[in-house]
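One structure is given below, encoded as structure tokens.
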Amino acid sequence: MSTLSSIERIWFVVNLIPKGNVLPYGVVADFAGLPGRARYVSRALKLAPQNLTLPWHRVINSQGKISFANNTDAFQTQQQLLRLDGIEVNAGKISLSQYQWKPDIATLVMTLPF
DNA sequence: CCTCTGACTCAGA
DNA sequence: TTCTGAGCCAGAG
């Protein structure tokens with residue numbers, strides 16, 4: 001039996017985000033069964049080991065923006081990775097109505113090992 | 001136990 | 001649209 005820890009569930013959900021889609025921190029938390037813990041998602045991504053090769057760049061804030069300051073390397077990197085995914089990014093802003101991942105919840109629930 | 005710090009969020013203005 | 005303030009919560013000291 002596989003009981004994943006909170007941080008592992010967050011990593012699991014992030015890994016499911018398809019190329020060409022994005023998901024706000026808060027929604028990742030919801031899917032991971034941790035409602036109201038968007039800040040924990042950001043911490044989980046920071047703590048994620050490199051060997052996991054998570055698509056961390058697909059996680060943005062609820063306003064549809066990259067959460068790093070626009071004068072940082074991290075901001076530039078994330079923006080570039082999103083564009084490589086084929087996503088339109090303007091000054092760090094992404095259209096959530098156009099790119100937010102909206103999986104069939106029933107199917108998702110059966111997919112999650114928790 | 002208390003304080004401070006975030007890759008956050010929501011409601012107002 | 002952008003900016004604030006308050007709320008949020010786990011970790012670190």
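The values are calculated or read from the model by the stated rules, or taken from the named source; none is laboratory data. In this text, all values refer to a predicted model and were calculated from it rather than measured experimentally. FYI the Cβ positions are ideal-geometry reconstructions off the backbone, even for glycines, and counts take in every protein chain you see. Each accessible area value is taken on the protein alone, full model and side chains, heavy atoms only, with ligands, DNA and RNA left out. Shrake-Rupley method; radii C 1.70, N 1.55, O 1.52, S 1.80 Å.
Side notes on the structure shown:
- Helices (runs of 4 or more DSSP H) within the stretch A:1-103 that include 1 or more residues within 19 Å of A:F114 (Cβ to Cβ): A:6-16, A:25-31, A:38-47
- As a summary of the residue check, A:A29 satisfies the conditions (1) open to solvent by 50 Å² or more (accessible area, probe 1.4 Å); (2) within 15 Å of DNA strand C (Cβ to nearest atom); (3) touching a Gly at 6+ places or on another chain (Cβ under 8 Å) except for the one numbered (1).
- Scan of the stretch A:37-61 for residues that are within 14 Å of DNA strand C (Cβ to nearest atom) and open to solvent by 80 Å² or more (accessible area, probe 1.4 Å), ordered by number: A:R37, A:R39, A:R43, A:K46, A:L47
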